[in-house]
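Chemist: There's a structure below that I have some questions on.
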Amino acid sequence: DPTDGTKNSRVLTIASHRVSIYGINIAAASLPAAGTGDGIYFQHLNDGVIYFGVVISNVNIGHMGRDGIHLESSGTAYLNDVKLDTVESSANRGCGVYLKHCGSVTLKDVTCQHNYAQGIYLDGQQSARMYGCYVQDNMKNGSGYDVGSQVTAILAHGLVVSGCSFEDFAVDANTGNALTLYNCRAVTVESCQFINNVAPDALTAATSIR
């Protein structure tokens, strides 16, 4: 039951190679209490397997008790070759998209707005690519995972952010940064728009990139 965010109510759990998810809507009727309910979820611990190929395309996700999309490699398991194309993940209690220690990640035309934590969270992604993504009015709780921001990238060496739009990223007590880069090397940000970053009095340092 994805409407009960207090339970382990993941809608789709990935546990295989070459998974393609196309043209579906995953949404609860209303926003649940915070919990462990993710829309699309992958996490394998210490099974010694490299999982190849996850494509998520033309998918809409909303009102999850935690993250809309949560893909996390850890231990001796590894998820490689992740592509999100024309995806919206909005109004979730956690992140719109949470990716940790996945290989070869491409996010194209991904929309994340009105999430309670980050719009997009990248941790340990090498050479990730974001093209034409739209991120608006996230961090509704005013805090998220680790370093709070509309988009947070940690140890994301070689990240490319191209043609993306960041809007309303210092509104309603949100964290006042569009993009936070934490211990990242060789990052390219090009042809992006940063719109309406006027902070309220409670935020004294609303910045586009930190």
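Here, each number is a calculation from the coordinates, and none is a lab measurement. Everything quoted here is computed from the prediction, not taken from an experiment. Cβ sites come from the backbone with ideal geometry, for glycine too, and all protein chains shown count toward neighbours.
Chemist: Peptides 19-26, 94-101: what's the order by average Cβ count within 10 Å, highest mean first?
Modeler: Sorting 19-26, 94-101 by mean packing, highest first, produces 94-101, 19-26.
Chemist: Let me ask something additional. Quote the FRET efficiency, to the nearest 0.05, computed for Asn196 versus Thr86 with a Förster distance R0 of 25 Å and r equal to the Cβ-Cβ distance.
Modeler: 0.55
Chemist: Let me ask something additional. If you take every residue apart from Val105 with its C-beta less than 9 Å away from the C-beta of Val105, what net charge results, scoring Lys and Arg +1 and Asp and Glu -1?
Modeler: For residues surrounding Val105, the net value is +1.
Chemist: Sticking with this structure for a sec: Evaluate E = 1/(1 + (r/R0)^6) for Ala186 and Val55, where r is the Cβ-Cβ distance and R0 equals 25 Å; express this FRET efficiency to the nearest 0.05.
Modeler: For R0 = 25 Å, the calculated efficiency reads 0.40.
Chemist: Given H placed on each backbone N at 1.01 Å, which residues far from Phe194 in sequence or on other chains put an amide H within less than 5 Å of it?
Modeler: Answer set, sorted by chain and number: Phe166.
Chemist: Figure the gain on full extension for Asn141 and Ser104 (residue separation times 0.36 nm, minus the Cα-Cα span) and round it to one decimal in nm.
Modeler: 10.3 nm
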